[in-house]
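Reading through the structure tokens given below for one structure.
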Amino acid sequence: MFKKILRFFTKEKSEKSGSFDIHKKKKILHKIEEFTGIVPQNEAYFLKAFTHRSYLELANEPIKSNERLEFLGDSILGKITAEFLFHKYPNSDEGFLTKTRSHIVNKYSLESIGFQLKLHDLIFYNEKYLSPEKKKIGNVVADCLEAIIGAIFIELGEAAANKFVIKYIIEPQIKNGDIKDDKNYKGQLLEFSHANKLKQPVYTILEQSGPQHNKTYTIKVVVSENIFGIGTGPNKKTAEQEAAMNALSLAMETVDNDE
């Protein structure tokens, strides 16, 4: 599948590099060499990976933004992360793998990694529309990181892309593989909501049934119109955890469909 994608993307014409600041261009290529251990022979895709669409009106010749590379990199990142977790945690269930993948690839995490890698200093963008402040350029940094993955995949191959993603994105987040099978679904749902800039989860008791000494609670949690869950249990805490678990499952499906 990815070979077909590669052929599709490499049909694009390479842009000239006259629209890029020579000093920043050198820093970008040095950064790619630092990431991959390989000196880039074809600079076009790597320069494009650092080009936000707002920069296009400043260029002195026609160029393209990093949006297509971001699309490709996002898909590759998801694939590499899923395969890594599948082999790393052979005894973990689907819920844990899905939750962990979401934590690794969400925009909040990628933004944080992008700033750690100092990508924000190298991105070509128009300050007329974007401020260099961290809170203003965060999504741009996350998108750039995904575009870099796409560029590495096209120019240097799948193995190089795998190495980059595992070294700079996956391993730092799972703390050298020491990640626990967290059963605190309420905490996970809250973390997911914050990371994806959603409203805080709201829990509501739908029903209480049974005698006082043996009650059953039915609770619903709502995060958004498309993300909610219902759970039952012998107490509120258990019912809330089940509701959060079901909401998380639905949330992950929503994220996957958006991708």
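The values are calculated or read from the model by the stated rules, or taken from the named source; none is laboratory data. Just so we're clear, the structure is a prediction, and the values are computed from it rather than from any experiment. Don't worry about glycine lacking a Cβ; one is built from the backbone with ideal geometry, like all the others, and counts go over all protein chains shown.
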Looking at L47, L29, can you tell me which residue is in contact (Cβ under 8 Å) with a residue 24 or more places away in the chain and closer than 24 Å to E155 by Cβ?
L47
Restricting attention to segment 230-238, does a residue exist that is surrounded by 18 or more Cβ atoms within 10 Å (Cβ to Cβ), in contact (Cβ under 8 Å) with a residue 12 or more places away in the chain and either closer than 29 Å to S112 by Cα or in contact with a Ser or Thr (Cβ under 6 Å, 6 or more places away or on another chain) (or both)?
no
Counting only residues that are within 19 Å of the chain's Cα centre (by Cα) and closer than 23 Å to F96 by Cβ, segment 187-226 contains a total of 10
Taking segment 21-59 and keeping only residues that are among the aliphatic types (A, V, I, L, M) and surrounded by 13 or more Cβ atoms within 10 Å (Cβ to Cβ), one is left with I28, L29, I32, I38, A44, L47, A49, L56, L58, A59
Is at least one residue of segment 10-17 part of a helix (DSSP H, G or I) and either surrounded by 13 or more Cβ atoms within 10 Å (Cβ to Cβ) or at pLDDT 90 or above (or both)?
no
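Matching residues to (1) at pLDDT 90 or above; (2) out of contact with any Asp or Glu (no Cβ under 8 Å at 6 or more places or on another chain); (3) crowded, with 23+ Cβ neighbours inside 10 Å:
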residue: S102; (1), (2), (3): no, yes, no
residue: N106; (1), (2), (3): no, yes, no
residue: S112; (1), (2), (3): no, yes, no
residue: Y125; (1), (2), (3): no, yes, no
residue: K128; (1), (2), (3): no, yes, no
residue: P132; (1), (2), (3): no, yes, no
residue: N139; (1), (2), (3): no, no, no
residue: I152; (1), (2), (3): yes, yes, yes
Extreme residue, modelled with the highest pLDDT, among residues of segment 169-221 that are of a type in the set (S, T, N, Q) and closer than 26 Å to I76 by Cβ:
Q173
Surrounded by fewer than 17 Cβ atoms within 10 Å (Cβ to Cβ), over 14 Å from Y45 (Cβ atoms) and modelled with pLDDT of 90 or more, is that true of D143?
no
Which ones in segment 80-109 are within 12 Å of the chain's Cα centre (by Cα) and of a type in the set (K, R)?
R101, K107
